[in-house]
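The values are calculated or read from the model by the stated rules, or taken from the named source; none is laboratory data. Keep in mind that this is a model prediction, so the values were computed, not measured. Every residue, glycine among them, receives a Cβ derived from its backbone with ideal geometry; neighbour counts consider all protein chains shown. Calculation scope for accessible area: heavy atoms of the full protein, side chains included, ligands and nucleic acids excluded. Shrake-Rupley method; radii C 1.70, N 1.55, O 1.52, S 1.80 Å.
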Amino acid sequence: MKWNAFWGHLRTITKHRHTVMRHCRKAGIFWQGLRHDLSKYSPTEFWQGVRYYQGGTRSPNEAEREALGYSLAWMHHKGRNRHHFEYWCDYNPATKHLEPVEMPTRYLAEMFCDRVAASKIYRKKQYDQTCPLAYFQNSTAKKRGALHPETERALMELLELLAQQGEDAAFAQLRQRVEADRAQRRRKT
């Protein structure tokens, strides 16, 4: 085992988690932020991350995918973390296909926090408030319609607000959405 990869991966995922936790606090989902990405410390995800560590500039899942044709760590991760849109795919009995399901607001909020934090961690000094939007616009998820249309619309709105007006405006809007959703869920119970 390469100790540099071990400590580098541990430092990268921990820094990412702490950045997401700060963002989640701004978004009004503090407790969710505390639980964010805990599966990255599980043996299935952690040791693959060490093995395919990329120096903290790129996800080890990408290198694992290049080496194996798939990423065991990613498949484990997306199935346990509801802030990933890939979690929100289900079998549609009418079409007999897997299709995206609309993400609940609290997980959309965590996904936004995660994307901003990942851009900051991987882009480092090259980060600016347009990076998360540019990354999403160039992603295969956007090109292939992997998100539910309403989830994609809401995410794009937030990413564009971040790019145009900055974090304060984007997190204020996100917090309003989270609070409105929380109030609506309380009325239903």
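For segment 30-189, which whole percent of the accessible surface, found with a 1.4 angstrom probe, sits on carbon and sulfur atoms? Walk me through the numbers on the way to the answer.
Working: 4730 of 9210 Å².
Of all accessible area on segment 30-189, carbon and sulfur atoms account for 51 percent.
Would you list, by chain and number, the lysines whose Cα falls below 25 Å from the Cα of LYS26, excluding same-chain residues fewer than 8 positions away?
Qualifying lysines at Cα under 25 Å: LYS15, LYS40, LYS78, LYS120, LYS124, LYS125.
Taking only protein heavy atoms into account and a 1.4 Å probe, give the accessible area per residue of segment 1-151 in Å². Mind showing how you got there, number by number?
Details: 8560 Å² over 151 residues.
So segment 1-151 comes to 57 Å² accessible per residue, rounded to a whole number.
In a shell of Cβ-Cβ distance under 12 Å around LYS124, excluding LYS124 itself, what net charge do Lys and Arg (+1) and Asp and Glu (-1) give?
Every neighbour counted, the sum reads +4.
Please work out the Kirkwood hydrodynamic radius for segment 42-165, using every pair of different C-alpha atoms, and report it in angstroms with one decimal place.
Computed over segment 42-165, the radius equals 15.7 Å.
Amide H to amide H under 5 Å from CYS89: which residues, 5+ apart in sequence or cross-chain, H placed 1.01 Å off N in plane?
For CYS89, whose amide H was placed from the backbone, the distant partners under 5 Å are VAL101.
Any chance you could look up the accessible area of PHE85 with a 1.4 Å probe, heavy atoms only, rounded to 10 Å²?
20
What's the ranking of 52-63, 120-131 by average number of surrounding C-beta atoms within 10 Å, highest first?
52-63, 120-131
Does segment 1-107 come out rounded, prolate or oblate, given a ≥ b ≥ c as the square roots of the eigenvalues of its C-alpha gyration tensor, rounded meaning a/c under 1.5 and, failing that, prolate meaning a/b above b/c?
On the way: a/c = 2.82, a/b = 1.26, b/c = 2.23.
Oblate shape, in that a/c is at least 1.5 and b/c is the bigger or equal ratio.
Using mean Cβ contacts within 10 Å as the protection proxy, how do 145-154, 93-102 order, highest first?
Peptide ranking by packing, descending: 145-154, 93-102.
Given the DSSP H assignment, sum -39500 (n - 2.57) over each helix run of at least 4 residues in the chain and divide by its residue total; what's the result at 222 nm in deg cm²/dmol, nearest 500? Show your work: numbers first, answer last.
Numbers: 10 runs with 126 residues, N = 189.
Helix-only estimate at 222 nm: -21000 deg cm²/dmol.
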